[in-house]
Each structure stands twice: as C-alpha cells, then as structure tokens.
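Inspection log for the structure reproduced underneath, given as structure tokens.
The values are calculated or read from the model by the stated rules, or taken from the named source; none is laboratory data. All of these numbers come straight from a predicted model, not from anything done at the bench. Here the Cβ positions follow ideal geometry from the backbone for every residue, glycine too, while neighbour counts run over all protein chains shown. We work out accessible area using only protein heavy atoms, side chains counted, and drop any ligands, DNA or RNA first. Shrake-Rupley method; radii C 1.70, N 1.55, O 1.52, S 1.80 Å.
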Amino acid sequence: MPDLTQAATEKAAKLARQTKLYAGNAFDRVFRASSLVQAGQTPFETLHSDGLVSLRYYPPLKEDFIDLDGRTITVERKSHRTPVVIVPPLAVNMLIYDLFPQRSLVRFLRAKGFEVYLIDWGTPTRAHSHYNLHTYVAELLPASLNRVREHSGQQELSLHGWSMGGMFTLFYSALSKDQHVRNAIVLGSPIDSHASGVLGLLNQRLADVAESIRKRTGFRIHDLRPHWFHSPGWLNTIGFKLTNPVGSFMGYWELIIRLGDREFVTSHATTSAFLDRMVAYPGGVVQDTVVRIWIDNQLSRGTVQIGDDQVQLNNVSANLFAVAGSEDTIVTPAAAERLIDHVSSEDTAFRVVPGGHMGILAGSKAPRESWLDMAQWLAQRSD
C-alpha cells in the first residue's frame, strides 16, 4: 500500500511539473513572444539611412568559432577582397538573414571571411506607392552600392539576392551594365513565371484574360494609380502563408503537440517573428511585378521593361550561382532554371536544393545544403 501511495504521489508530482511547463511555455508564446525570439543578434553598423532605406555593415566577429547547426566553423580573420552585398526582396523584414545565432547567414558569411553589407529597404507607406521597379533598380540600389564601394574601398562586388532581391540583382546588372559586379548569387527568382506549377497555370490564365481585355478595351493595369495597388504588410503575411496553407496550419498544430519542448517553442516564436512582421509592397512595384513578371512573363524571353527601358538579361556577365528549391511552390525549379539560358556569364552554376521558398535561404537544411557550397564557390571568385 505505501508503494502504491508513493507511486501515485510521484505521478501527480510529474504531472504537476509537466502542467507547469506547458502552461509557462504557452503563456510565454502568447504573451511574451518577443522574449523568446533569437533573431537579430549579430551586431551591425548603420552606415547610412534616408529615413526609409538604410545600409548595414557587419564588422568582424569577436569570437574565434561559431556554431552552424551543430557544426563548428572557424572564424577566418583574413577577409576576401570582394565584399558581399545582400540585396533583400521587398515585403520581408531583415530578421530572415539573422534568424538564429546558429543559423544566421550574415554571421556565417562574416565567419567565412567576407566583408558583409546588407541593404534594408525599410517599411514603405502609402506615401511610397509611386515607387516602382525603376525606383529600386535604377535609383535606390545604385546609391547603396556606391556607398558600399566608398566604405569598402573596393569597386568589385558580389551581390546576393533572394526572391525579388535576385530580380533586383539581375535587373540592376543588366540595366547598368556594371562590369564591377563580379559575382551574382540568385536564389528563388522567377524567370519563367508561367512554368511555376499551379501558380504558373494561374499566371497563364491571367495572361489570357489580360490580353483579351487589352484587345477589346485598350485597358492596361498601368493606367490605374499605383496607390490602388499598395499592399500592406498584414496582407503580405496572409498571402505568403496561403502559398502553403497546410504547412502553416501544421506549424501551429506541431506547436500545440510540442508545447512542452522549450527549444521548439523558442524556434517557433523566432520564425513567426519573421513571418508575422512582413512589410508593405509599394503600389508601383506591385503593378510592375504583376504585369511584367506574372502576366506578360517577359523574363522568359530574356527581357523586362524597367521604366522606359527594355532591359536585356544577356547584359548580365557576372559569375552566376543560381539556386532553386525542390519544394518551392512560389518559384519552382522549372521557373528558375531558364536564367542560365539568358545571361552571357561564362561561369555559371545552377543548384536545386531541398526546401521551399523561405527554406532555401534560411531553413534548417540551408546551411548544409546551400550555404557551405555557396561560400566555397564565392571564396574562389572573390580574391
């Protein structure tokens, strides 16, 4: 009898501890989520800000080693000559590039001996609705690159662009014909939007409808004010999650199942800090992207209209490293791979790696499947 009483007491005590743990994790996740977020811990300096766009520089790391998802990486003290400039897409916040201390792209690149700069596009408001692709590609991006060159003392640069950031990289290189862009890394950027799975089929139908309307009425989307196309951050968050609704639901379901796992709860809060804080798209960019990239699918023919200019991708001559995600439903490998056919670069590489649209940049498999290969490729072309 005493043994049964003791067993029952121990079981009750264990249940009480588990209940307290679950309740504490649930409370923190709901009411103190910011205290769990691990993103944004790598120090940086802001070299310039105009109130919207700012330029970051990541100075040398103080530690001798960093942890890269369980792998120890020695911090290289000798820097490569060619700086790396991260060109983000719009709508995202910059936490994605410094998501976890052990899975931070900026920390990793710095550890591998690269001078690292990042352009933060800031948070556009309706006052910026008139900003279009030309604004970013021909005005804001060149201004930031000039500041990088001034600060680094180097003319040759490597540009790293994910998603729309990859398009910015290509468009700038093609429009400016900047021969000092030595290396271009492009991840998850659509070249043939009509080949992108289900979304590609939707784009094809949109193209048919748009062409019919143009012929019958002469109406063009660009006839409307950009103000009407301003896409607020909350809408972009919903849109991104709807590209994989099952995955989004399962993420929260797994949170409930693993509520007793503090490490998982922290990871979930950190990832959500990125996903739930997306920022606005200026209306002019939405107009240009919907028409030039989605409907008219101009890039599939190796050209795109930027403002009044017809930009040719064959003007891109930088060493090129392109990446697509095997599970990416937004930009499938079929939509990304045609880039190699259009550029004039002699040194090209195309990789299909595990992961979805976000996963190829900062997912749990990215360091092993993408970053190490990318850093080796880049190091061989940066001195």
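Each label was represented as a point 7 Å from its Cα along the Cα-to-Cβ direction; for Thr19 and Arg381 these points are 6.1 nm apart. Peptides 280-286, 222-228, 362-368 ranked from most to least packed by the mean count of surrounding Cβ atoms within 10 Å: 280-286, 362-368, 222-228.
Judged by the gyration tensor of its Cα atoms, with axes a ≥ b ≥ c, segment 120-223 is prolate; a/c meets the 1.5 cut and a/b is the larger of a/b and b/c. Counting only the backbone N, which residues of segment 311-332 are under 19 Å from the spot 7 Å out from the Cα of His222 toward its beta-carbon? Output list for this probe position: 311-313. Descending by average beta-carbon neighbour count within 10 Å, the peptides 321-327, 143-149 line up as 321-327, 143-149, the highest first. Using a 1.4 Å probe over the heavy atoms of the protein chains, calculate the carbon and sulfur portion of the accessible area of segment 100-212 as a whole percent. Carbon and sulfur: 51 percent of the exposed surface of segment 100-212.
With both labels modelled 7 Å from their Cα along Cα-to-Cβ, the Glu346 to Asp309 distance reads 2.5 nm.
Here the simple spin-label model places points 7 Å from the Cα toward Cβ, and for Arg214 and Glu337 these points are separated by 2.8 nm.
Mind ordering 106-114, 78-86 by average Cβ neighbours within 10 Å, highest first? Present the calculation step by step, with values, prior to reporting the outcome.
On the way: 106-114: 23.1, 78-86: 19.7.
Peptide ranking by packing, descending: 106-114, 78-86.
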